[in-house]
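Asker: This is the structure I have questions about; it appears just below.
The values are calculated or read from the model by the stated rules, or taken from the named source; none is laboratory data. Every value quoted in this text rests on a predicted model; they were computed, and no experiment measured them. So basically every Cβ, Gly included, is an ideal-geometry build from the backbone, and we count neighbours across all protein chains shown. Remember, those area values only see protein heavy atoms, side chains included, never the ligands or the DNA or RNA. Shrake-Rupley method; radii C 1.70, N 1.55, O 1.52, S 1.80 Å.
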Amino acid sequence: MASTLKINTLTGVSTAGSIAVTGEGNSTTTNLQQGLGKVWAAVSYSSGTPTVSDSFNVSSLNDDGTGDYDANFTSNMGSANYGAGAIAIFNTRVATFGSTDASLFNIKVYDLSVGATSASDSSSRFTIHGDLA
């Protein structure tokens, strides 16, 4: 028989913000908070301006030029040393990272069909994992 657990708050016993979850194979544990995505967004372009279609922990975008934007975080990361991944939506495009900061990070999108150095105002998606401040 399956069970359903309904709660609003989970709190660790020894450290309130730290909950260990038994991992695959039942031999190791994973810290729940460390495994959660802290920032993500779907970015599209309207008349050459990047806009957020959907997001979590993104307050705004800075348009730095063709295919180049900064995503500003609502809640800062603990440092600029976080993991990030991004994709460009169209198959001839690639998304790369520029500079990172605890409060924002930079994405550049290129169109490979016209050369790797050709910036492109193309839709992209990204996610960030790491510690919040």
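Asker: Give a residue-ordered list of calculated ³J(HN,Hα) values for the stretch 121-131 (Karplus: 6.51 cos²θ - 1.76 cosθ + 1.60, θ = phi - 60°; whole Hz; x for Gly, Pro).
Answerer: 6, 10, 4, 8, 9, 8, 9, 10, 10, x, 9
Asker: Let me ask you something else. Calculate the dipole size of the chain relative to its Cα centre from +1 charges on Lys and Arg beta carbons and -1 charges on Asp and Glu beta carbons; express the result in debye to the nearest 20.
Answerer: 400
Asker: On average, how much accessible surface per residue is there in the stretch 13-133, in Å², for a 1.4 Å probe, leaving out ligands, DNA and RNA?
Answerer: 54
Asker: Using the Karplus curve 6.51 cos²θ - 1.76 cosθ + 1.60 with θ = phi - 60°, what ³J(HN,Hα) values do you get for each residue of the stretch 41-56, in whole Hz, with x for Gly and Pro?
Answerer: 7, 10, 10, 10, 10, 10, 6, x, 10, x, 9, 7, 7, 7, 6, 9
Asker: Which value, to two decimals, describes the C-alpha radius of gyration of the chain once divided by 2.2 N^0.38 Å?
Answerer: 1.29
Asker: Then there's this: Rank Ile87, Ile7, Ala42 by how far each Cα sits towards the positive end of the charge dipole of the stretch 1-90 (+1 on Lys, Arg Cβ; -1 on Asp, Glu Cβ) and give me just the farthest.
Answerer: Farthest towards the positive end: Ile7.
Asker: Another one. Can you list the HN-Hα couplings for the stretch 9-23, worked out from phi with the Karplus curve (6.51, -1.76, 1.60; θ = phi - 60°), rounded to whole Hz and with x for Gly and Pro?
Answerer: Taking θ as phi minus 60°, the curve returns 9, 10, 10, x, 6, 7, 9, 3, x, 10, 10, 8, 10, 5, x Hz for the stretch 9-23.
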